[in-house]
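What follows is one structure encoded as structure tokens, with my remarks underneath.
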Amino acid sequence: MTVMAEGEVEITEGCRLPVLLTNGDGWHWAEILAKKDVNDKPLFYVHYDDFNKRLDEWVPEERMDVTKMEFPRKDQKTPKKEVGKAGQAPSSSRPGSPDTSAVVNGSGGGHKKMPVNSRKRKLEDDGTESMPSSRSGTPSIPHVNSSQEMDGGKPAAPRQTGSMVAHHDDAITRMKNIELIELGRFRIKPWYFSPYPQGLTSLPIVYICEFCLKYVKSSKCLERHLTKCLLKHPPGNEIYRKSNISIFEIDGRKNKNYAQNLCLLAKLFLDHKTLYYDTDPFLFYVSCEMDVKGYHIFGYFSKEKESSEDYNVACILTLPPYQKKGFGKLLIEFSYELSKVEGKTGSPEKPLSDLGLLSYRSYWSQTITEILLSLKPEEGNEKPIITINDISEMTSIKKEDVISTLQHLNLINYYKGQYIIVLSRELLKSHYKSMSKRKIRIDPKCLHWQPKDWSKRGKW
């Protein structure tokens with residue numbers, strides 16, 4: 001603690017104090033992660049306790065109650081990040097990539113793998129990740145439990161997931177490093193850190209081609225790029241089209257540049273992961289809205305070409321401008337349609353993020369309730385009869401997910417020596433209301449796709 005004047009103390013990284021929320025909801029405790037000077041006025045980057053990291057922000061001292069400030073304990077090792085003054089070349093108001101060997105260069109080529117030791121970092125799980133995957137390749141979100149340890153107290157090596165692997169919560173990756181992106185007609189404020197090249201992190205806007213996902217530093221560069229860009233849709237095969245919705249299957253080995261750029265873009269909205277650029281073992285299913293100008297990406301999911309645990313989704317994301325419009329459930333529904341064609345039951349990698357769990361639980365609930373409502377009594381039975389296996393086979397939802405959903409809905413009751421399912425009026429009312437909002441659905445007749453047996457195709 002440095003004494004500035006009588007009764008005045010220096011606010012440093014690691015301190016905790018109440019901060020006034022921007023939405024007028026009063027004061028909330030927050031931790032200071034970094035500070036910078038803008039026009040000789042200090043700003044502090046804060047993380048609110050028990051809030052998702054996407055709500056982290058820069059705040060002035062006027063919004064902080066320094067009278068209640070708590071200083072970090074001496075035995076607490078708080079990573080410090082001095083951001084410096086705005087406009088100074090050596091320092092940026094937003095952190096860049098922690099290692100230049102881990103980022104892609106500005107031309108969109110020359111992608112390099114992360115250092116090997118990054119695979120062994122331990123993840124502190126706060127429940128904010130998106131769906132993980134178990135290998136390195138797609139923008140899936142790998143996940144490692146903080147309790148996952150080997151004998152002797154050493155952390156177990158994390159399972160690699162998609163094109164991202166778990167990373168520790170250091171000072172760099174805890175802070176958003178991109179202020180704003182422009183993707184097509186949208187300007188989007190990122191939620192989390194993504195290891196874009198250092199030179200882009202000091203810019204007010206990063207411009208991204210919505211067709212090939214290449215990133216450039218200015219609108220002029222984007223204009224020049226668009227005159228040369230040959231793509232008007234994602235590379236790969238269009239396997240689904242209905243009305244103005246199209247879905248493309250992209251092989252992470254055949255279209256590495258696109259897959260890696262997709263990983264970087266996705267990481268802006270997915271937390272607790274470090275990009276890993278081996279996309280070969282993964283397939284990407286990119287969903288687009290079509291108009292006269294081309295195919296505009298609104299979301300995607302990735303899946304392993306070979307999954308020993310029958311995961312049908314490694315990572316799933318709907319871009320912020322398209323959220324709360326039914327596109328998330330559309331992607332989930334499509335992943336299960338693929339599983340039906342494969343003749344398998346599938347499940348997303350777990351644990352799910354907070355938003356991912358809500359989306360999947362809602363989809364599972366609606367799908368299973370639809371099945372139950374469609375049942376008719378068999379001959380000789382007063383009530384319809386169905387088993388967990390029947391539900392799983394009809395929906396391609398794994399039995400474990402069926403059981404957890406029935407339990408979550410409190411549908412299973414034990415009566416006279418057998419388990420019965422009771423659909424309450426409240427549940428039915430809620431179900432019909434939610435189904436009336438699902439305006440877009442997957443039409444299986446519009447899916448033109450044949451699964452490949454990747455185990456017989458060598459190295460994919």
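Descriptive notes on the structure:
- Close pairs (8 angstrom Cβ cut-off, 6 or more residues apart or separate chains): farther than 21 Å from L358 by Cα in segment 295-322, among the charged types (D, E, K, R) and assigned to a strand (DSSP E or B) anywhere: Y295/E289; H296/E289
- The single condition from (1) within 29 Å of P197 (Cα to Cα); (2) in contact with a helix residue (DSSP H, G or I) (Cβ under 7 Å, 6 or more places away or on another chain); (3) charged (D, E, K, R) that R253 fails is (2).
- Candidate set from segment 174-229 (those that are more than 21 Å from L270 (Cα to Cα) and of a type in the set (D, E, K, R)); member that is surrounded by the most Cβ atoms within 10 Å (Cβ to Cβ): K217
- Residue-level check: of (1) free of Cβ contacts under 8 Å to residues at least 12 places away in the same chain; (2) in contact with a Leu (Cβ under 7 Å, 6 or more places away or on another chain); (3) among the small types (G, A, S), S424 misses just (2).
- Condition met for Y363 (over 35 Å from the mean Cα position of the chain (by Cα) and hydroxyl-bearing (S, T, Y)): no
- The set of residues in segment 214-230 being without any contact (Cβ under 8 Å) to a residue 60 or more places away in the chain and closer than 17 Å to G294 by Cβ consists of L222, E223, H225, L226, T227, K228, C229, L230.
- Hey, I397 surrounded by fewer than 16 Cβ atoms within 10 Å (Cβ to Cβ), modelled with pLDDT of 90 or more, under 17 Å from Y336 (Cβ atoms) and of a type in the set (A, V, I, L, M, F, W, C) or not: no
- The combined condition, being in contact with a strand residue (DSSP E or B) (Cβ under 7 Å, 6 or more places away or on another chain), surrounded by 21 or more Cβ atoms within 10 Å (Cβ to Cβ), part of a helix (DSSP H, G or I) and of a type in the set (A, V, I, L, M, F, W, C), is fulfilled by L265.
- Any hit, segment 409-423, residues being in contact with a Lys or Arg (Cβ under 9 Å, 6 or more places away or on another chain), closer than 30 Å to N237 by Cα and not basic (K, R): no
- Pairs with Cβ under 8 Å, 6+ apart, first in segment 239-251 and of a type in the set (A, V, I, L, M), second assigned to a loop (DSSP other than H, G, I, E, B): I239/H448; I239/W449; I245/I440; I250/P234; I250/P235; I250/G236
- Here is the figure for segment 24-50: residues that are farther than 16 Å from K68 by Cα and touching a His at 6+ places or on another chain (Cβ under 7 Å) total 1.
- Filter pass, F334 being assigned to a strand (DSSP E or B) and either in contact (Cβ under 8 Å) with a residue 12 or more places away in the chain or not polar (S, T, N, Q) (or both): no
- Among the numbered conditions (1) at pLDDT 90 or above; (2) of a type in the set (G, A, S); (3) in a loop (DSSP other than H, G, I, E, B), the only one that S307 does not meet is (1).
- Among the candidates T387, T367, T345, residue that is surrounded by fewer than 20 Cβ atoms within 10 Å (Cβ to Cβ) and either touching a helix residue (DSSP H, G or I) at 6+ places or on another chain (Cβ under 6 Å) or within 23 Å of H431 (Cα to Cα) (or both): T387
- Residue match in segment 317-324 (condition: among the β-branched types (V, I, T), over 20 Å from L411 (Cα atoms) and assigned to a loop (DSSP other than H, G, I, E, B)): no
- In this structure, N255 does satisfy being crowded, with 17+ Cβ neighbours inside 10 Å, more than 16 Å from L319 (Cβ to Cβ) and either of a type outside the set (G, A, S) or at pLDDT 95 or above (or both).
The values are calculated or read from the model by the stated rules, or taken from the named source; none is laboratory data. The structure displayed is predicted, hence computed values, not measured ones. Using ideal geometry, Cβ is built from the backbone for each residue, glycine included, and neighbour counts are taken over all protein chains shown.
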